Amino acid sequence: MDHLPETLTEHRRNLHQIPELSFHEYKTTAYIRNTLDNLSIPYFTPLDTATVVFFEGRSGSEETIGFRADIDALPIQEETDVPFKSQHESAMHACGHDGHTSMLLAFAEWCKEKQDEGKLEKNMLLIFQPSEESNAGADALIRAFPFEDYKIKEIYGLHLGPDIPEHTLATKPGFLMASATEYRINVKGLSAHVAQKEKGYSALGAVTHIANQLGQVQQYFLNGLHQNILHIGKLHAGEAINTVATDGHIQGTIRTYVPEDLVHIQNKMETIVASTDALFGTETALDFAKGYPAVYNDESLMDTVKTSADQAGLTLELLNVPYLFGEDFSFYSSIAKTNFAFLGVRNEEKGYIHGLHTALFNFDEKILLNGVKYYQSIANTLGLVG
């Protein structure tokens, strides 16, 4: 596969131009399936924008090893000046999922080549998953596809890491990433003229009070040794400068590692909302979206990761502390042992310094070859290929 670097660049740049939001990855999915069709690789379509490839090994082994890539983009207006920038208004692959998808497509081509040569010894399952950024696409896919029929032993995933140097693989055993739970607070007050403000119920006052109280939860009610975030990302209230605000809204996210901390935070938020309504006379609804569990790397897979990183020519960095990012790769722990790792793409000399979820995020496609080599090394280490 001498053409692999060019193939990876072509895939990445084609995908980068057609970023699509969660569960709306129709062009992206068409690109994935067209590529697989051209390689004569069959696949399953358990969701409109989910594609699963099963390679059956020749040894008759019932166990399967899985590899996963996420395919969705973010609602961000791209600010790079690359010639292959997003063609979709207010959508961008600002989290590197175009790179993830490109690596798995190239790996699928390699697997097909090994299968055609009679060198594919054991089963592999390649997962092109939608909606990582929101709505828990992994959970939806697990419910839609009969993973249990394939007796999956292990699942591996990669994420590009702009704070990690090129040619480095970063991971750790145990918790790697936090649970992520979005919340929305909607406040309903009663409008009144500012000259008769006592006749109204101020949604603005309620929102301000709630925001202040949320800021106290970490300080007073959680173990100081635990890493937790209770974050407000959006806050809005009011309709006019001379009226009591009728509507107010708060949106944010909770990040934790310990499940009990999440429950405690949610209980305190419910108490804050109830007490605010009692104080301001408002009516408030607090809703929690289905959260992502924390990403947990099974310690028994670390030897495979270390060996495979070394074979791929990568420097392995074992992180001291986990990230507070969220990732729905965590759901796969319910069906198999899992390992998730970050593939370094940071290069200050080339200007690849911008973080995930920013309008300037970019990387050198040559680095994607490291990810494919890592997947190939896992296959070799586990005896999936002869």
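Structure notes:
- Largest first, the three principal axis extents of the alpha carbons in the chain are 82, 43, 42 Å in whole numbers.
- Among 122-129, 170-177, the order from most to least packed when residues are scored by Cβ within 10 Å on average: 122-129, 170-177
- Three-way shape call for region 327-386 based on the alpha-carbon gyration tensor, with the a/c threshold at 1.5: oblate
- Result for the chain in a Gaussian network model with C-alpha springs under 10 Å: among LEU301, LEU158, LEU74, the largest mean-square fluctuation is at LEU301.
- Net charge of the neighbourhood of THR304, taken over other residues with C-beta under 13 Å away and scored Lys/Arg +1, Asp/Glu -1, is -2.
- Centre-to-centre separation between the Cα atoms of region 109-152 and those of region 1-42: 16 Å.
- Positive minus negative residues near LYS337 (Lys, Arg vs Asp, Glu; Cβ under 11 Å): -2
- Accessible-area composition of the chain, carbon plus sulfur, in percent [1.4 Å probe]: 50
- Between ASP149 and HIS357, the contour length at 0.36 nm per residue exceeds the Cα-Cα span by 71.3 nm.
- Anisotropy class of region 98-182 from Cα gyration tensor, a/c 1.5 cut: oblate
- Region 134-194: C-alpha gyration tensor shape, a/c 1.5 cut-off, then a/b vs b/c: oblate
- Contact order relative to length of region 229-386, as percent, for alpha carbon pairs under 8 angstrom and 6 or more apart: 18
- Top of ASP247, ASP328, ASP139 by mean-square fluctuation, Gaussian network on the chain, Cα under 10 Å: ASP247
- Per residue accessible area in Å² of region 258-383, where ligands, DNA and RNA are left out and the probe is 1.4 Å: 45
- The 3J(HN,Hα) values that the Karplus relation (6.51, -1.76, 1.60; θ = phi - 60°) gives for region 222-228 are, in residue order, 10, 4, x, 7, 8, 8, 9 Hz. Gly and Pro appear as x.
- Using C-alpha pairs under 8 Å with a sequence gap of at least 6, the mean separation divided by the residue count of the chain gives a relative contact order of 24 percent.
- Legend: translational diffusion of region 184-280 by Stokes-Einstein, Rh = Kirkwood radius over C-alpha pairs, 25 °C, 0.890 mPa s; D = 172 µm²/s.
- Neighbours of ALA289, meaning other residues whose beta-carbon lies under 13 angstrom from its beta-carbon, give a summed charge of -3 when Lys and Arg score +1 and Asp and Glu score -1.
- Aspartates and glutamates with Cα under 19 Å of LYS188, excluding same-chain neighbours fewer than 8 positions away: GLU198, GLU239, ASP247, GLU270, ASP277, GLU283, ASP287
- Using a cutoff of 8 angstrom between alpha carbon atoms and counting only pairs six or more residues apart, the relative contact order for region 71-190 works out to 23 percent.
- Of LYS199/LYS234; LYS112/LYS306; LYS85/LYS172, those spanning more than 30 Å from alpha-carbon to alpha-carbon: LYS85/LYS172
- Largest GNM mean-square fluctuation across THR246, THR29, THR358, computed for the chain with C-alpha springs under 10 Å, falls on THR246.
- Within region 332-386, GluC sites (Glu not before Pro) in DSSP loop having at most 10 other beta-carbon neighbours inside 10 Å: GLU348, GLU349
- Paired Rg and Dmax values of region 1-93, which use every Cα atom, in angstrom: 15.6, 50
- Calculated accessible area for region 1-55 comes out at 46 Å² per residue, all protein chains present (probe 1.4 Å; ligands, DNA, RNA ignored).
The values are calculated or read from the model by the stated rules, or taken from the named source; none is laboratory data. Remember, it's a predicted structure, so these values are computed and weren't measured experimentally. Glycine gets a Cβ as well: all are built from the backbone with ideal geometry, and neighbour counts include every protein chain shown. Note: accessible area is taken over every heavy atom of the protein model, side chains too, but ligands, DNA and RNA are not part of it. Shrake-Rupley method; radii C 1.70, N 1.55, O 1.52, S 1.80 Å.
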